[in-house]
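Contents: one structure, followed by commentary.
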Amino acid sequence: MANLSKSELDAIHAERTKFFTPQWFGDLFSGRLSPGDTFWIGNYGPALIIVPLLVIVALFTAMAVPGHLGPLFGSFAIGAGLYRLAVLAGLVRSVLGTPGRKFWRWVGVFWTVFEAVMLIWLGLRLFAG
């Protein structure tokens, strides 16, 4: 990476402090972020917090009530699938509103559809199971 000036580093820091705030989620779901930010940060950023928390909750659940992780993981998967559908709405708006080549952007849209459907399907199977 090139040597960045103090003002450039400050600008990067200021932009990154907006991530995962209520305003940022509003921008994400309404398609006001770039397609790349919407796909990568929207789909996978929250998992950096949620997945470790889920592992801790699953550990304590398994210790307290062995054999009852299906509903926990099922409800988490359904929630994650519904979240992906909200990201999908923002992603489609972002892709449609951005000029230029769109092949990889549409690949991201279809991948997000696939993940949302699979998460909800898996969640329903685990929850019922």
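The values are calculated or read from the model by the stated rules, or taken from the named source; none is laboratory data. In this text, all values refer to a predicted model and were calculated from it rather than measured experimentally. Using ideal geometry, Cβ is built from the backbone for each residue, glycine included, and neighbour counts are taken over all protein chains shown. Note: accessible area is taken over every heavy atom of the protein model, side chains too, but ligands, DNA and RNA are not part of it. Shrake-Rupley method; radii C 1.70, N 1.55, O 1.52, S 1.80 Å.
Looking across the range 12-57, the residues that are within 15 Å of ALA86 (Cα to Cα), in contact (Cβ under 8 Å) with a residue 12 or more places away in the chain and open to solvent by 50 Å² or more (accessible area, probe 1.4 Å) come down to PHE20, PHE29, ARG32.
Condition first: exposed (fewer than 10 other Cβ atoms within 10 Å of the Cβ) and outside any helix (DSSP H, G or I). Can you find one or more residues in the range 3-11 that meet it? Checking the range 3-11: at least one residue is exposed (fewer than 10 other Cβ atoms within 10 Å of the Cβ) and outside any helix (DSSP H, G or I).
So that you can scan it fast, the table gives a plain yes or no per residue for (1) closer than 19 Å to THR112 by Cα; (2) modelled with pLDDT of 95 or more; (3) more than 16 Å from the chain's Cα centre (by Cα); (4) not small (Gly, Ala, Ser):
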residue: PRO52; (1), (2), (3), (4): no, yes, no, yes
residue: ALA62; (1), (2), (3), (4): no, no, yes, no
residue: LEU69; (1), (2), (3), (4): no, no, yes, yes
residue: LEU72; (1), (2), (3), (4): no, no, yes, yes
residue: ILE78; (1), (2), (3), (4): yes, yes, no, yes
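Condition check ((1) loosely packed, with under 14 Cβ neighbours inside 10 Å; (2) outside any helix (DSSP H, G or I); (3) in contact (Cβ under 8 Å) with a residue 12 or more places away in the chain) across all residues:
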position	(1), (2), (3)
ALA77	no, no, yes
ARG84	no, no, yes
VAL107	yes, no, no
PHE110	yes, no, no
ARG125	yes, no, yes
